[in-house]
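Below: the structure, in structure tokens.
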Amino acid sequence: MFVQGSQGCAASAVRHNGCHLCMETNTKQLWQNTLTHIELGVSKGNFITWFRDTFILKYEDGVIFVGVPNEFAREWLSKKFHTEILKALRSFVDSVRGIEYVVVRSDKRPKKMEEDSVVETRNPGELPLNEYYINKSDNLNPRYTFETFIIGKFNQLAHAASQAIVREPGITYNPLFIYGDSGRGKTHLIQAIGNQLKKQGMAHKVFYATAERFVMDYTTAVQNGTANSFKEKYRQYDVVIMDDVQLFSRTESSQEELFHLFNNLHDNNKQIIFSSDKHPSTIPNIEDRLKTRFNAGMTVAIEEPDYESRISILKVKAVKAGVNISDEVLQYLADTIQGNIRELEGALNVLICQVQLRDQPITVIDAKQLIKETERPKKMVSVKLVIKKIADFYDIPEETIYEKTRRREVVRPRQVIMYILREDFHISYPTIGQKLGGRDHTTVMHSCDKIKTDMKKDQVLVEELQQIRTLLK
């Protein structure tokens, strides 16, 4: 999923003649881009529950009217997600000044189409939300398939290992451990294995989970006295796919549970698949016995995509979107954005959105300006640097952020730090807690929710966040 660069593509488009007409005929693309943006900051469950069957009804006098299926959804979106939705819409079209949520009866909503071949006949306000439906029984995203996975020199070994598992699950390469920096397609590939095994009928029960979700669910189970049910749940599967296992650092009890789960699955020839941003041997604060098991099968890296692969990715995505972008522009993107496929695809989405809104070709000069306008804080900024800059902004000693004090002059900056790390840099709740003095992930979640709530009524806080984000660029 695209992390950076997906916003701001329509900033200049809204100023050209015929903008409102252009907006109305591209509401499907606008809402799809908005949902892509929102999906990054909410849980998969919330995303499916509250954004299913939503669409842009109309755009009038700067107000976006969003169609929703019922009163419950209308109230929930307006109270819980309004700020995020408005922010996302404004990042694409800066003339949007408000949102109204309208309950639309089922017989008045755009009819869903089953075949891709008739997608052009859809109401312009409708989204093909089938693409966003996550199967609740296995958590697999149907969009992540081998057919949509683009192979290059940088990932061909990982792809080959994945194909070998599809042929002989539980026998060849068990476990499979894929590692590489964020945004290189690890999640796509490991979920593609699960989707293919289901398609072939070679595995009755497949389950995908992030390490963060595993840790949170295990912690909740222990607190509720349902640990045995938790164990039974995971041990029933034929294939367990676990993402971002580097997040098990410093979670001793959940490491213990993962160790026993691994042994149970492996002893019964059930397939185990892991992903991480680091080689298993270099993940800090992971028990040696767990590292040994991570390394027991096939460990393979997804490297930085080479230039030819980046060009190939861009061309395939542009063709799929039905947009003609010149080779010169694609070459500029491939030269400018090198390490992260998400950023690369996100930059392309910016240009695609611009082409659709302006209905005219994009030049290299246009591309340079658009990419420059949509820059956001980069993930490579260290957590410590974020903490230091925000502490300096509020004129408090950096070391007080890590203390257990509840003084307001410290609590608010600490909450802002947690919010920025989560919203802008997409760092997991447990990791943020660890970095800020070993706090529990639930404390981080509460702090992020508190900032989101306060932003709705505190304009000073909103302005402070804008200034802080400028400092972090």
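The values are calculated or read from the model by the stated rules, or taken from the named source; none is laboratory data. In this text, all values refer to a predicted model and were calculated from it rather than measured experimentally. Note that each Cβ is placed from the backbone with ideal geometry, even for glycine, and that neighbours are counted across all protein chains shown. Only protein heavy atoms, including side chains, enter the accessible area calculation; ligands, DNA and RNA are left aside. Shrake-Rupley method; radii C 1.70, N 1.55, O 1.52, S 1.80 Å.
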Among the residues of region 59-84 satisfying the criterion of being in contact with a Phe, Trp or Tyr (Cβ under 9 Å, 6 or more places away or on another chain), hydrophobic (A, V, I, L, M, F, W, C) and in a helix (DSSP H, G or I), which is farthest from E423 (Cα to Cα)?
A73
Can you spot a residue in region 228-239 that is closer than 27 Å to S137 by Cα, assigned to a strand (DSSP E or B) and in contact with a helix residue (DSSP H, G or I) (Cβ under 7 Å, 6 or more places away or on another chain)?
yes
Kindly state which helices (runs of 4 or more DSSP H) lie completely within region 407-467 and contain at least 1 residues that are in contact with a His (Cβ under 7 Å, 6 or more places away or on another chain).
429-435
Do you know which of the residues in region 127-149 that are among the hydrophobic types (A, V, I, L, M, F, W, C), surrounded by fewer than 18 Cβ atoms within 10 Å (Cβ to Cβ) and outside any helix (DSSP H, G or I) is modelled with the lowest pLDDT?
I134
Considering only region 153-162, state which residues are in a helix (DSSP H, G or I) and either touching a residue at least 40 places away in the same chain (Cβ under 8 Å) or buried (at least 18 other Cβ atoms within 10 Å of the Cβ) (or both).
L157, A158, H159, A161, S162
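Residues checked against (1) farther than 17 Å from P175 by Cα; (2) modelled with pLDDT under 90:
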site	(1), (2)
A192	no, no
V206	no, no
V222	yes, no
D238	no, no
D243	no, no
F259	no, no
Q271	no, no
P284	yes, yes
R289	no, no
Single residue of region 254-270 satisfying the filter (at negative phi and not in a helix (DSSP H, G or I)) that is least open to solvent (accessible area, probe 1.4 Å)
K270
Six or more apart or on different chains, Cβ atoms under 8 Å: show the pairs whose first residue is in region 309-332 and within 11 Å of A347 (Cβ to Cβ) and modelled with pLDDT of 85 or more and whose second is among the hydroxyl-bearing types (S, T, Y) and not in a helix (DSSP H, G or I).
V329/T363
Between a first residue in region 409-427 that is without any contact (Cβ under 8 Å) to a residue 12 or more places away in the chain and a second residue that is assigned to a helix (DSSP H, G or I), which pairs have beta carbons less than 9 Å apart while being 6 or more apart in sequence or on different chains?
V411/S447
Please work out if I165 is open to solvent by less than 10 Å² (accessible area, probe 1.4 Å) and more than 21 Å from N135 (Cα to Cα).
yes
Filtered residue count, region 384-406, keeping only those that are open to solvent by 30 Å² or more (accessible area, probe 1.4 Å) and in a helix (DSSP H, G or I):
9
Confirm whether L21 is farther than 18 Å from E345 by Cβ, aliphatic (A, V, I, L, M), in a helix (DSSP H, G or I) and modelled with pLDDT under 75.
yes
When you scan region 357-365, do you find a residue that is at pLDDT below 80 and under 22 Å from the mean Cα position of the chain (by Cα), even just one?
no
Quick check: anything in region 454-472 closer than 27 Å to F81 by Cα, without any contact (Cβ under 8 Å) to a residue 40 or more places away in the chain, open to solvent by less than 80 Å² (accessible area, probe 1.4 Å) and not aliphatic (A, V, I, L, M)?
yes
